[in-house]
Amino acid sequence: MRKFITTLVLSVASLALMSTTPAFAQAKATQAKTSKANAWDGTWSGTSSGGGRKTTVKISNGKVTFWTNNGFPRPKVTGSVSGNTVKLDDNNGWKGTMTMQGEGKAKISAAGIGNNGKPAQNSALLRKH
């Protein structure tokens, strides 16, 4: 019985020591970051404040793969997840930021040059589908 208790105490002590090592802390941080990125993966959509048309963002593996802003597809979109935000860019100068507002809810704000050639901006509340 003493051998069992000694083994148990040593096992618990080694687990406690291991959980404070830098490698363990790094692994936990990476796991948390991956979990945040996965929370963004999917299709987000809502109605834009800048004209009442649909805004849609698709995210896969923490990367933006599709963006329609206020009904207009954004060509060659890029973007990535970082914690509670997603940054979006297209090749026509439009930039957007999505911010997590709770599970399955996000707000997007975007700005660029509108169809009339003048600066434009809009926002939308998005839901994950």
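Could you tell me whether Gly112 is touching a Pro at 6+ places or on another chain (Cβ under 9 Å) and at pLDDT 95 or above? Yes, satisfied.
If you check Phe72 against the conditions, is it closer than 24 Å to Asn91 by Cβ and at pLDDT below 95? In short, yes. Looking only at residues in region 46-79 that are of a type in the set (Lys, Arg) and closer than 15 Å to Leu126 by Cβ, the one that is surrounded by the most Cβ atoms within 10 Å (Cβ to Cβ) is Arg74.
Mind telling me which of the residues Gly102, Gly93 ends up being more than 14 Å from Thr43 (Cα to Cα), loosely packed, with under 13 Cβ neighbours inside 10 Å and under 19 Å from the mean Cα position of the chain (by Cα)? Outline the logic, then answer.
On the way: Gly93 fails: under 19 Å from the mean Cα position of the chain (by Cα).
Selected residue: Gly102, the only one of Gly102, Gly93 that is more than 14 Å from Thr43 (Cα to Cα), loosely packed, with under 13 Cβ neighbours inside 10 Å and under 19 Å from the mean Cα position of the chain (by Cα).
Considering region 108-117, and only residues there that are over 14 Å from Lys58 (Cα atoms) and surrounded by 14 or more Cβ atoms within 10 Å (Cβ to Cβ), the residue that is nearest to the chain's Cα centre (by Cα) turns out to be Ser109.
The values are calculated or read from the model by the stated rules, or taken from the named source; none is laboratory data. Predicted, not measured: the structure shown is a model, and the values here were computed from it. Neighbour counts are summed over all protein chains in view; Cβ atoms, including those assigned to glycine, are modelled from backbone coordinates with ideal geometry.
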